[in-house]
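Read through the structure below, which is laid out as structure tokens, and then see the notes.
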Amino acid sequence: MNRSMRQFVQGRVMPASILLWLSLSPKMLVGQAAGKTDPVAATFDARYQEIMALEPRGDQSAAVSNLVIERDAGQFTLESGRLYLLSSVGGRTVGAAFKGKGTFRFTSTSASEQDRLERFTKHRALEDAFSDLVLLFSDTTLAELQRKLTFGPDNPPGDLRGRIKEALEYAGEDDHKTLDADLLAALLNGTQTGMFVAHIGRDNGGPLMFTVNPQEVESVHLLGRGHRLGGPHTIDVVTQFRPKGSTAPAISDRTAGAFVARYTIRSTLNQTGSADLTYAADAQLELATTTTAGPWVPFRLYEQLNVDSARFADGSIAIAVKPHETSTLWVRLRHPLEPGATDTVRVFYHGDLIDRAANFFFIKSSSNWYPESMDWRNLAFFDLTFDTPEGYLLASVGQPKDSTVTARRLVTHWVTDAPIRNASFNLGQFKNFEVQEPGAPVVTLMFSDEAHRELARKFGIVQQKNMRQVVGNDVASSLRFFQSVYGNLTTRHMYATEIPYFEGLAFPGMIDLSWVTFQATDESGEDDIFRAHEVAHQWWGIGVDFATYHDQWLSEGFATFSGLWYLQTAQHDNKKYFDALERYRSSIMLRKDDPDPVAMGYRTSTADDRGGYDVVVYKKGAWVVHMLRIMMLDLKTMNEDRFTETMRDFYATYQGKRASTEDFRHMVEKHVGTDMGWFFDQWVYGASIPSYRVAYKTDPAENGQFRTHLRVDQQNVGDDFQAYVLVTADLGDKRLVRARVKVKGPHTEVDLPLMPAQPKSVQFNDFSSVLGDVKMVSW
């Protein structure tokens, strides 16, 4: 399930770049502090203190009457009151605060985003009164205010300082000197970004934050406070979308920024007296960019890792700052990085990355153990060396190049042949078990046999016999099966390692499996699905990456369906396949009062609904693929070559690339031979799920045949909702008549094909051909 990615999207409480400020101007403007300007911060701490000290200026105030400020989908009418410019940052005015009477209007042209807005606010468009407003900007706002208003002295009300602080709290945590990374990048670098931010103190309801941020492809955001049970306030993305006039296909969620093209990392792990492992690293980052970036450049690095120092390629010292227990590392380059140019920096760090419990090791961050660029889906080459105590086995991404043992130290070297999205490693007191299916890569299974024996001794936990064969055979068999239906992998060797978590992760050529799936295999088939799901990510999520978060189901939904498909094939048990689909359907139907489309991606999970992503993207995404499979099934021969060829073609076409939902739609249309926009509009971009009330009757027809008349009432969806539902009539003696019935609108009546005998039963929605709720009623 590519959990490193999933942890990121579920733990993300706000989109990158909630706030960005400006500051470059060709001349000193009214409201800017007099004296020398300093657009690029010399030190992190000094600039941060300037930001946190923002306050209204008593010498730059203006009376306001019916002033209108419009930014994309948001409109602010400042009806009456006073507006104050804020103190400077880097010698420049970057904000203003309003106190008085105003109205905020907001709307979206997207039906799904209107649904989302209604879910949070009970309204499909907003028109809210407010009494205070804090603006932060790097666009034309300052010039606009100066053109329309006359500024002079006035004493600002004391509560405005509190509103400014509240606005900043949306973007960080002062205790750890953190703010949103894009905000800090703009302030540290003094760069013009075109950012507009408004913190709205509504008269009725909690505060909202409206932003327009060109650093994001979906630059228009409306944010609100969430409440997590037993935890602090969080920020929920109420709605977000692309700016007006933006129609070009997107292949990323971010527009630009510095990225790492190549990593060379040496990790050293030492054993302590208590048999724990310490971690330290020397990471060399080769940087590039497509737009001017820096000189301050942010990276993500696990919060428990501490930076010791940094150096440039020539050995000179580089400034590197990582506030205590934060996940953002800042490196100051000697000059801004220009498009086409490169720079190299080495970062030395250490920290609490690995915990130990009995004979299990916990690697606390599967991907943020190295500095990651803000576009976390950037591709990079990796050259990884691990220096560990002898006696531990280690697996990593890439190909093992060499291994040496000196003075009871094991040094292994791993190199990727092509750029990859994320890298990881795992180690422990493992045993190796190799298994290979004909025509598939070799699988090395690494698990802690002693840890399981200890669980049995201490806690009486019964473990399955031959766990290594059971798990290893599933991994190898699913590899072979997916190669037969999707196409061959480029990797020659697969590592499957055990982790002490209740989840799985997938990386190029490497998967991590929960200890639970080694301990036992459940009877329902969920363990088979789980193991195969992680293997399937080698095709979906790694082989073919998704374009934006709207397309995440092409990774997680595809992998979940793949696990189902493997279960059906490996177990030769249709019942388990359809039973699993029914469990998924039940979970989906429980959310029918708070529906989200599959295309909502990570945003299906909120502060008070953490399970939405799993249900909608994983389970409903798998249902979407299943429905396509049944729709492409040849009912005369029961051949599914058309579906298999579609998936193989999609993988071959987009291997090594990012694909969108529209790319997959066009691939389906290529093999189906007709427009499928209605299907994707309903099941990926829409959230409605139909209910069917079905009745039928059979009457004698000519020539001794029988005619079955079907009546279907379709509910809980729009009048134009349509589906091709599989109907099967059982004539007895193993004789079946199958037909697809088009159901569209509230009421459908149709005759099934004439039959040579009277049906003993008629099954509507056979093979679970459509996700919905079916109830048979009398005629």
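The values are calculated or read from the model by the stated rules, or taken from the named source; none is laboratory data. Fair warning: this is a prediction, and the values are worked out from it, not measured in the lab. All Cβ positions, even for glycine, are placed from backbone atoms using ideal geometry, and neighbour counts span all protein chains on display. What goes into the accessible areas is simple: the full protein's heavy atoms, side chains included, and nothing from ligands, DNA or RNA. Shrake-Rupley method; radii C 1.70, N 1.55, O 1.52, S 1.80 Å.
Numbers for the structure displayed
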{"quantity": "Mean separation of Cα contacts under 8 Å, 6 or more apart, over the residue count of the stretch 367-483: relative contact order %", "calculated": "22"}
{"quantity": "Cβ charges +1 (Lys, Arg) and -1 (Asp, Glu), total dipole of the chain, debye", "calculated": "280"}
{"quantity": "Average projected area [Cα convex hull, the stretch 590-748], square nanometres", "calculated": "12.3"}
{"quantity": "Other-chain or far-sequence residues with amide H under 5 Å of residue 329's (modelled H)", "calculated": "299, 300, 301"}
{"quantity": "Heavy-atom accessible surface of the stretch 654-728: percent carbon and sulfur, 1.4 Å", "calculated": "43"}
{"quantity": "Note, ³J(HN,Hα) from phi for the stretch 210-223, Karplus 6.51, -1.76, 1.60, rounded to Hz, x at Gly and Pro", "calculated": "10, 9, 10, 10, x, 6, 9, 4, 8, 7, 9, 10, 10, 10"}
{"quantity": "Quarter of the Cα convex hull surface for the chain, i.e. its orientation-mean projected area (nm²)", "calculated": "38.1"}
{"quantity": "Fraction of beta bridges assigned by DSSP in the stretch 469-571 that are antiparallel (%, nearest 5)", "calculated": "35"}
{"quantity": "Ranked order, 52, 446 - accessible area, probe 1.4 Å, largest first", "calculated": "52, 446"}
{"quantity": "Nearest-10 value in Å² for the accessible area of residue 750, using the 1.4 Å probe", "calculated": "50"}
{"quantity": "Three-way shape label, the stretch 388-469, alpha-carbon gyration tensor, a/c 1.5", "calculated": "oblate"}
{"quantity": "For the stretch 233-276, alpha-carbon Rg over 2.2 N^0.38 Å", "calculated": "2.31"}
{"quantity": "Value at 222 nm in deg cm²/dmol, rounded to 500, when DSSP H runs of n ≥ 4 in the chain each add -39,500 (n - 2.57)", "calculated": "-7000 deg cm²/dmol"}
{"quantity": "Beta bridge orientation in the chain: antiparallel %, DSSP, nearest 5", "calculated": "85"}
{"quantity": "Residue 291/residue 401 FRET efficiency (R0 25 Å; Cβ-Cβ; nearest 0.05)", "calculated": "0.10"}
{"quantity": "Carbon and sulfur %, accessible surface of the stretch 87-185 computed with the full protein complex present, 1.4 Å", "calculated": "46"}
{"quantity": "Formal net charge of residues neighbouring residue 629 (Cβ-Cβ distance under 14 Å; K, R +1; D, E -1)", "calculated": "-2"}
{"quantity": "Quarter of the Cα convex hull surface for the stretch 321-436, i.e. its orientation-mean projected area (nm²)", "calculated": "10.3"}
{"quantity": "Linear extension gain, residue 691 paired with residue 335, 0.36 nm per residue minus alpha-carbon span", "calculated": "122.0 nm"}
{"quantity": "Set of lysines near residue 101 by C-alpha distance (under 20 Å), chain-local residues within fewer than 8 positions excluded", "calculated": "148"}
{"quantity": "Segment residue 639-residue 493, length gained on full extension (0.36 nm per residue, minus Cα span)", "calculated": "49.3 nm"}
{"quantity": "Potential lengthening between residue 176 and residue 724 on full extension [0.36 nm per residue; Cα-Cα distance subtracted]", "calculated": "191.7 nm"}
{"quantity": "Computed Kirkwood radius, in angstrom, where 1/r is averaged over Cα pairs of the stretch 29-183", "calculated": "17.0"}
{"quantity": "Sequence-separation-based contact order of the chain, relative, with Cα cut under 8 Å and 6+ spacing, percent", "calculated": "8"}
{"quantity": "Percentage of interatomic Cα-Cα distances in the stretch 551-597 larger than 18 Å", "calculated": "42"}
{"quantity": "Three-way shape call for the stretch 478-568 based on the alpha-carbon gyration tensor, with the a/c threshold at 1.5", "calculated": "rounded"}
{"quantity": "Amide proton proximity set for residue 71, modelled H, under 5 Å, gap of 5+", "calculated": "76"}
{"quantity": "Alpha-carbon Debye profile of the stretch 646-732, log10 I(q)/I(0) at 0.22 Å⁻¹", "calculated": "-1.08"}
{"quantity": "Debye log10 I(q)/I(0) for the stretch 685-732, one point scatterer per Cα, at q = 0.19 Å⁻¹", "calculated": "-0.76"}
{"quantity": "Unit Cα scatterers, Debye sum, the stretch 98-229: log10 I(q)/I(0) for q = 0.10, 0.11, 0.23 Å⁻¹", "calculated": "-0.38, -0.46, -1.62"}
{"quantity": "Phi-based couplings in Hz for the stretch 589-602 (Karplus 6.51, -1.76, 1.60; Gly and Pro marked x)", "calculated": "5, 5, 9, 5, 7, 10, x, 9, x, 4, 5, 6, x, 4"}
{"quantity": "Stokes-Einstein D (µm²/s) once Rh is taken as the Kirkwood radius of the stretch 226-372 over alpha-carbon pairs, at 20 °C in 1.002 mPa s", "calculated": "120"}
{"quantity": "R0 of 25 Å, Cβ-Cβ distance residue 252-residue 110: FRET efficiency to nearest 0.05", "calculated": "0.80"}
{"quantity": "Once the Cα gyration tensor of the stretch 681-779 is diagonalised, semi-axes √(5λ) in Å", "calculated": "27, 13, 11"}
{"quantity": "Average accessible surface area per residue within the chain, 1.4 Å rolling probe, Å²", "calculated": "40"}
{"quantity": "Relative contact order for the stretch 618-758, counting Cα pairs under 8 Å that sit 6 or more residues apart, in percent", "calculated": "18"}
{"quantity": "3J(HN,Hα) from dihedral phi, the stretch 265-276, Karplus parametrisation 6.51/-1.76/1.60, rounded to Hz, x for glycine, proline", "calculated": "10, 10, 10, 10, 10, 10, 8, 8, x, 8, 6, 6"}
{"quantity": "Rounded Å value of the spacing that divides the Cα centres of the stretch 281-315 and the stretch 95-136", "calculated": "38"}
{"quantity": "Greater than 23 Å apart at Cα, pairs in 576/657; 431/465; 122/744; 636/775; 244/670", "calculated": "576/657; 122/744; 636/775; 244/670"}
{"quantity": "Paramagnetic reach from residue 268 in the stretch 379-410 [backbone N under 16 Å; point 7 Å along Cα→Cβ]", "calculated": "385-390, 406-410"}
